[in-house]
Amino acid sequence: MNSLVKFCAGIVLFIMAYVFYREVRGKKPLRPGDNRFFIEDENRISATDYYRTWRLVIVFVIGGITFIVYSLES
């Protein structure tokens with residue numbers, strides 16, 4: 001792969017990380033004992049979805065950094 005393709009792939013991964021970040025920005029996970037069907041607070045999502053989305057953000061940021069560094073290296 002040439003450097004430009006790697007650089008563009010890194011930028012795409014950063015964009016994907018931002019998209020997933022927007023999903024969880026300002027939200028909090030449900031606490032144990034919360035009834036997910038009767039919550040008044042719209043800023044709460046299930047804990048599984050919350051932490052899974054944060055893991056995706058971290059993976060995409062690390063992948064974006066890796067691709068950009070490799071594109072500059074070669």
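The values are calculated or read from the model by the stated rules, or taken from the named source; none is laboratory data. Worth saying up front: this structure is predicted, and the values here are computed from it rather than measured. Glycine also receives a Cβ, built like all others from the backbone with ideal geometry; neighbour counts cover every protein chain displayed. For the accessible areas, the whole protein counts, side chains as well, though only heavy atoms, and no ligand, DNA or RNA atoms are used. Shrake-Rupley method; radii C 1.70, N 1.55, O 1.52, S 1.80 Å.
Data overview
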| item | result |
| --- | --- |
| Degrees between helix 47-73 axis and first principal axis of the chain (Cα, 0 to 90, nearest 10) | 10 degrees |
| Matching label, Rg and Dmax of the Cα atoms in Å computed from the structure shown, candidates (i) 16.7, 54; (ii) 12.7, 41; (iii) 11.0, 30 | (i) |
| Summed residue charge, Cβ within 13 Å of Gly63's Cβ, Lys/Arg positive, Asp/Glu negative | +2 |
| Ranked by how many other beta carbons lie within 10 Å on average, peptides 14-23, 60-69 from highest | 60-69, 14-23 |
| Percent carbon-and-sulfur accessible area, the chain, ignoring ligands, DNA and RNA, probe 1.4 Å | 63 percent |
| Rel. contact order, % - alpha carbon contacts under 8 angstrom, at least six apart, the chain | 55 percent |
